[in-house]
Amino acid sequence: MKPTLFVLAAGMGSRYGGLKQLDGLGPNGETIMDYSIYDAIRAGFGKVVFVIRKDFEDDFRDIVLEKYKNHIPTELVFQNIDDLPEGFSCPKDRVKPWGTNHAVLMGKPVINEPFAVINADDFYGRDSFEVLAKELKQMDGDKNEYCMVGYRVGNTLSDSGSVARGICETNKEGYLTTVVERTAIERIDGKVQFKDENGKMVAIDDNTPVSMNMWGFTPDYFGHSEDYFIGFLKTDIDNPKAEFFIPIVVNELIQKEIAKVKVLDTVSKWFGVTYADDRQGVVDKIQALIDAGEYPEKLF
């Protein structure tokens, strides 16, 4: 069975100043997401599921899905802050979405095979899709055996401001031991640093593996996510800034020895548009890949 690609596209690009998922960065108006879909198709993925906001559906179908219809099957699911387990209701002052792992839960009705999770606005690179697809094809029928593509933190920063990354530690067998979401990572005085829970800046090595939200799961992950989401809501439902991130669930599963997560190495270099000032650099990097023969001038 071919794996599915699950694309998280429900968020507004608040720091970038608009819906950066639809910003044309390629020579023919291609979005970063277009390059991910192209890479996924040639890596052997069989379907793409997008999670978006419901009010964005018509534009998304017309602008995005139409271009893929002769290349790969697609489906839409929707993330809504009112979509909570029985017994819970969304606080009236809640505006922020519930986070990446809540978005993942929206895929449960339509995903029954091993699947990859990616962000719509991150450029992951061809090799990352190939190594992830290869691993997912071997996971069919497995449970509690997951994977993620690891990137070196020094290769994932923005020159325009701080970024959020899942800082990872692995054991000697290459399995994840911890992943902690850090939301203020940047290079200061030549060193990569993040701000910890106490507001202290902590320096880390450039080669520290980080999660760029490129995960590989089997469908049993949805059940674990539902269980942990209930626990999250019991603790944090009244915190308007609290988010249910994928690393929260992954870390719990690892610490309780319920699941294992293999960290996959890749030669791909990540880049993306976190801030508006990043845009031209991404345009230039995509053009360089086209000039090198990595991608055609026109994708679809």
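The values are calculated or read from the model by the stated rules, or taken from the named source; none is laboratory data. None of the values given here were measured: they were computed from a predicted structure. Neighbour counts are summed over all protein chains in view; Cβ atoms, including those assigned to glycine, are modelled from backbone coordinates with ideal geometry.
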- Query: Looking at this structure, is Gly231 out of contact with any strand residue (DSSP E or B) (no Cβ under 8 Å at 6 or more places or on another chain), within 25 Å of Gln138 (Cα to Cα), without any contact (Cβ under 8 Å) to a residue 24 or more places away in the chain and outside any loop (DSSP other than H, G, I, E, B)?
  - Reply: no
- Message: Just the residues that are of a type outside the set (Val, Ile, Thr), touching a strand residue (DSSP E or B) at 6+ places or on another chain (Cβ under 7 Å) and over 21 Å from Trp98 (Cα atoms), please, taken from segment 60-81.
- Response: Phe60, Leu65, Tyr68, Pro73, Glu75
- Taking segment 247-264, which residues are β-branched (Val, Ile, Thr), within 15 Å of Gly231 (Cβ to Cβ) and part of a helix (DSSP H, G or I)? Ile248, Val249, Val250
- Of the residues that sit in segment 111-124 and are assigned to a loop (DSSP other than H, G, I, E, B) and at pLDDT below 95, which one is farthest from Ser158 (Cα to Cα)? Ala120
- Query: Looking at segment 236-273, which of its residues are free of Cβ contacts under 8 Å to residues at least 12 places away in the same chain and within 19 Å of Val210 (Cβ to Cβ)?
  - Reply: none
- Candidate set: segment 153-187, residues that are more than 17 Å from Thr266 (Cα to Cα) and over 20 Å from the mean Cα position of the chain (by Cα); chosen: the one surrounded by the fewest Cβ atoms within 10 Å (Cβ to Cβ): Lys172
- Task: Read through the list (1) more than 16 Å from the chain's Cα centre (by Cα); (2) at pLDDT below 90, then give the number of the only condition that Thr274 fails.
- Result: (1)
- Within segment 163-170, is even one residue in contact with a helix residue (DSSP H, G or I) (Cβ under 9 Å, 6 or more places away or on another chain) and charged (D, E, K, R)? yes
- Task: Take the residues in segment 265-276 that are of a type outside the set (Phe, Trp, Tyr) and in a loop (DSSP other than H, G, I, E, B), then tell me which one is surrounded by the fewest Cβ atoms within 10 Å (Cβ to Cβ).
- Result: Val267
- Query: Do any residues in segment 96-107 that are among the β-branched types (Val, Ile, Thr) have Cβ atoms under 6 Å from those of residues that are assigned to a helix (DSSP H, G or I) and surrounded by 24 or more Cβ atoms within 10 Å (Cβ to Cβ), where the two are at least six apart or on different chains, and which pairs are they?
  - Reply: Thr100/Ile246
- Within the bounds of segment 188-195, is there any residue that is surrounded by 13 or more Cβ atoms within 10 Å (Cβ to Cβ), in contact (Cβ under 8 Å) with a residue 60 or more places away in the chain, in a strand (DSSP E or B) and on the phi < 0 side of the Ramachandran plot? no
- Confirm whether Val249 is at negative phi, exposed (fewer than 15 other Cβ atoms within 10 Å of the Cβ) and not basic (Lys, Arg). no
- What do you reckon, is Val202 in a strand (DSSP E or B), in contact with a strand residue (DSSP E or B) (Cβ under 8 Å, 6 or more places away or on another chain), surrounded by fewer than 20 Cβ atoms within 10 Å (Cβ to Cβ) and of a type outside the set (D, E, K, R)? yes
- Task: Go through the residues of segment 161-179 one by one and say whether even a single one is in a strand (DSSP E or B), under 24 Å from Phe115 (Cβ atoms), aliphatic (A, V, I, L, M) and at pLDDT below 90.
- Result: yes
- Message: I want to confirm something. Restricting to segment 112-125 and keeping residues that are buried (at least 23 other Cβ atoms within 10 Å of the Cβ) and more than 18 Å from Ala164 (Cα to Cα), which single residue is nearest to the chain's Cα centre (by Cα)?
- Response: Ala116
